[in-house]
Amino acid sequence: MCGILAVFGCIDNSQAKRSRIIELSRRLRHRGPDWSGLHCYDDCYLAHQRLAIVDPTSGDQPLYNEDKTVVVTVNGEIYNHKELREKLKNHQFRTGSDCEVIAHLYEEYGEDFVHMLDGMFSFVLLDTRDKSFIAARDAIGITPLYIGWGLDGSVWFASEMKALSDDCERFVSFLPGHIYSSKQGALRRWYNPPWYSEQIPSTPYDPLLLRTAFEKAVLKRLMTDVPFGVLLSGGLDSSLVAAVASRYLVESKVACQWGSQLHTFCIGLKGSPDLKAAREVADYLGTRHHELYFTVQEGLDALEEVIYHIETYDVTTIRASTPMFLMSRKIKSLGVKMVLSGEGSDEIFGGYLYFHKAPNKEEFHQETCRKIKALHLYDCLRANKSTSAWGVEARVPFLDKEFINTAMSIHPEWKMVRPDLGRIEKWILRNAFDDEKKPYLPKHIIYRQKEQFSDGVGYSWIDGLKDHANKHVSDSMLMNASFVYPENTPTTKEGYYYRTIFEKFFPKNAARSTVPGGPSIACSTAKAVEWDASWSKNLDPSGRAALGVHADAYEEADTKPANLLNGSPQELQESVAKTATVA
């Protein structure tokens, strides 16, 4: 991952302004500790903090076209850059960077080229010939991007909120799958897959087609010039990533440089479910496994730093980000700069335990669509910012555009939980990799029950967070929460505690509005809470809140009523889109 900052239309373009841009860009240096770059053109600034993954020696940014009239600063990876270069044979490339194709694609096709990119990316491009600019974000929002507006009429873009929150009057999360054009002064959606309309698909389930699509997604993400590994929790998703990567690593180009034995990493409290399962998978695959530990106290001590980096006060995101943040630090200390991770599968296949209660295939499919559309506010944000805090890049094969299209075109009846047919959550994915002749994984791992990351690292982690919050937040503080925090009012002491930390770092109204709200059960959207009347009394994002589904579910007697908040991630996205269009 890299860190980008771009500012256009500043009234002040003095040396002092340049120094200020450099200062703000430094706030993103954790994302890209390898090199810094800045391009200034009149009242326009494009800054970059680089994490060198592909072409470390010559791929410094910003990047340019042949005559340097087009300037681009990019955060991300373009996996099909070699194929795109073949289409641009009349262009002269300066570097081996995968991101340089963006400048040349713009020169060749104008603004209508973003759909050609296969990868994860956020970029800002300046055309100095007419001082127009564009900014775009990948289809799902794997890489973060924010857009802001200054009182002087300037427009800002940054990988993280901390780089523009002090200097912008208003800022919002840049919508995934969108492009901003200065010529139009508005956002428009470039990503328009069939599933986006939420209409029910009808394609029959083909396990071999699904398996092949996922294997391709993993293989293309082995594009690297630096050491890499796989985050392995021992659950289905990360285990499949590790199994596919391990199986095909020997045949890949990267094996010649870094060896054919895959490195895997897992973190947890000693004795946690994930550590045991991950060790078993690693032994089966023959990986070089790194088992990392943390204590509840170490996690609590890191909370403020975690919230500063991930820029949210969402409870489940903070619970899961903390162990991932600690693990990333240890991974970086071992010399690894890139990891593959298993985010996105639960959203695509309805893997969260609350999907057991989906009333019909229509509701099931629509909920998966809602979950994918909101990923940039939750798991993508966590995976990217938790790892980038230590200069580590996380790649997510399940969120490959082609794989999503394949998986989301399957008739949802195949995805539904059917105990009468022996189908548990994500059965179609499990079945696709249940190969008797050449097994990818032990059968009991393939059919292991879904365990959310914040639960799997050790159940006492969440219990410890709640106890810690209870010591810092009094009953009267929570009782008056609606007066102190009228927007997205916290309903638990844990939520209140996180909110106080967030507000310390990001006190503006615009910052708190970037975080979604609404009731949730085991990571559901607000809409899915309606599937079971008992859930409204047990609004907790832990998988153990799915009473009657999780093997170690909370006892009903232990649950306490919580106030319901209005609003959903989708409503937030719609309001953000309107705000950005008006601005």
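The values are calculated or read from the model by the stated rules, or taken from the named source; none is laboratory data. Keep in mind that what you see is a predicted model, and the values were worked out from it rather than measured. Note that each Cβ is placed from the backbone with ideal geometry, even for glycine, and that neighbours are counted across all protein chains shown. What goes into the accessible areas is simple: the full protein's heavy atoms, side chains included, and nothing from ligands, DNA or RNA. Shrake-Rupley method; radii C 1.70, N 1.55, O 1.52, S 1.80 Å.
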Q.
Tell me the relative contact order for the chain as a rounded percent, counting alpha carbon contacts under 8 Å between residues six or more apart.
A. 14 percent
Q: Assign one of three labels to the stretch 1-160, namely rounded, prolate or oblate, based on the Cα gyration tensor with a ≥ b ≥ c the square roots of its eigenvalues; rounded applies when a/c is under 1.5, prolate when it is not and a/b is larger than b/c, and oblate otherwise.
A: prolate
Q: Could you tell me the accessible area of M116 in Å² (1.4 Å probe, neighbours in place), rounded to the nearest ten?
A: 40 Å²
Q: Could you tally the net charge around G37, taking each other residue with its Cβ under 9 Å from the Cβ of G37, Lys/Arg +1 and Asp/Glu -1?
A: 0
**Q.** the stretch 123-183 - Rg and Dmax from Cα coordinates, angstrom
**A.** 11.6, 32
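If the only charges are +1 at each Lys and Arg Cβ and -1 at each Asp and Glu Cβ, what is the size of the charge dipole of the stretch 162-268 around the Cα centre, to the nearest 20 debye? Show your work: numbers first, answer last.
Numbers: 11 positive and 9 negative charges, 53 e Å.
So the magnitude is around 260 debye.
Leaving ligands, DNA and RNA out of it, rank K82, K220 by accessible area with a 1.4 Å probe, largest first. Present the calculation step by step, with values, prior to reporting the outcome.
Working: K82 120, K220 55 Å².
Ranked list, largest accessible area first: K82, K220.
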(Q) With +1 on the Cβ of every Lys and Arg and -1 on the Cβ of every Asp and Glu, and nothing else charged, how large is the dipole of the stretch 405-486 about its Cα centre, in debye rounded to the nearest 20? (A) 320 debye
Q) Is the shape of the stretch 289-349 rounded, prolate or oblate, going by the alpha carbon gyration tensor and its root eigenvalues a ≥ b ≥ c, with a/c under 1.5 for rounded and a/b larger than b/c for prolate? A) oblate
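Can you tell me what share of the DSSP beta bridges in the chain is antiparallel? A percent to the nearest 5 is fine. Walk me through the intermediate numbers first.
Working: 50 of 65 bridges.
Counting DSSP beta bridges with both partners in the chain, the antiparallel share is about 75 percent.
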Q. Tally Lys and Arg at +1 and Asp and Glu at -1 over the other residues with C-beta under 10 Å from the C-beta of R27: what net charge comes out?
A. +1
Q.
Need the C-alpha centroid separation for the stretch 299-316 versus the stretch 355-404, integer Å.
A. 20 Å
Q.
Sort H91, H104 by heavy-atom solvent-accessible area, probe 1.4 angstrom, most to least.
A. H91, H104
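Rounded to the nearest 500, what is the 222 nm mean residue ellipticity of the chain from helices alone, with -39500 (n - 2.57) per DSSP H run of 4+ residues and division by all residues?
Values: 22 runs with 211 residues, N = 583.
It lands at -10500 deg cm²/dmol.
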Q: On the full set of protein chains, 1.4 Å probe, figure out the accessible area of S513 and give it in Å² to the nearest 10.
A: 30 Å²
Q: Using Cα positions and a limit of under 22 Å, work out the lysines in reach of K89, with same-chain residues fewer than 8 apart set aside.
A: K68
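Going through the cross-link list K183/K373; K162/K373; K220/K330; K443/K537, which pairs have a Cα-Cα distance over 30 Å in this structure? List each step's numbers first, then the result.
Details: K183/K373 27 Å; K162/K373 24 Å; K220/K330 26 Å; K443/K537 36 Å.
Those over the limit are K443/K537.
Which order do the peptides 494-504, 410-420, 229-239 take when ranked by the mean count of other beta-carbon atoms within 10 Å per residue, highest first? Don't skip to the answer; put the middle values down first.
Numbers: 494-504: 20.0, 410-420: 16.5, 229-239: 26.5.
Put in order of decreasing packing, that is 229-239, 494-504, 410-420.
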**Q.** Proximal aspartates and glutamates to K385, defined as alpha-carbon separation beneath 12 angstrom and excluding residues fewer than eight positions away on the same chain
**A.** E160, E305, E311, E393
Q) Which one of S36, F113, T73 is farthest out on the positive end of the charge dipole of the stretch 31-120, using unit charges on Cβ (Lys, Arg +1; Asp, Glu -1) and the Cα centre as origin? A) S36
Q | Residue-normalised accessible area of the stretch 232-307, expressed per residue, 1.4 Å probe, Å² | A | 42 Å²
**Q.** When each of K493/K527; K216/K401; K371/K466 is checked by Cα-Cα distance, pairs over 18 Å
**A.** K493/K527; K371/K466
(Q) Probe radius 1.4 Å, ligands and nucleic acids ignored: give me the carbon and sulfur share of the accessible area of the chain as a rounded percent. (A) 50 percent
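Give me the dipole magnitude in Debye, nearest 20, for the chain about the Cα centre, with unit charges on the beta carbon: positive for Lys and Arg, negative for Asp and Glu.
On the way: 68 positive and 76 negative charges, 121 e Å.
Around 580 debye, computed over the chain.
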Q | Shape box of the chain [Cα atoms, principal axes, largest first, Å] | A | 65, 61, 46
Q: Give the residue from F171, H376, A242 lying farthest towards the positive end of the charge dipole for the chain; charges sit on Cβ (+1 for Lys and Arg, -1 for Asp and Glu) and the dipole is referred to the Cα centre.
A: A242
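Among Y146, Y308, what's the order by accessible area (1.4 angstrom probe), most exposed first? Don't skip to the answer; put the middle values down first.
Working: Y146 10, Y308 70 Å².
If we order Y146, Y308 from most to least accessible, we get Y308, Y146.
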Q: Give, in nm to one decimal, the length gained when the segment between E487 and D206 is fully stretched (0.36 nm per residue of separation minus the Cα-Cα distance).
A: 96.6 nm
**Q.** Residue-wise HN-Hα coupling along the stretch 182-193, computed from phi with Karplus coefficients 6.51, -1.76, 1.60 (Hz; x: Gly, Pro)
**A.** 5, 5, 9, x, 7, 8, 9, 7, 9, 9, 10, x
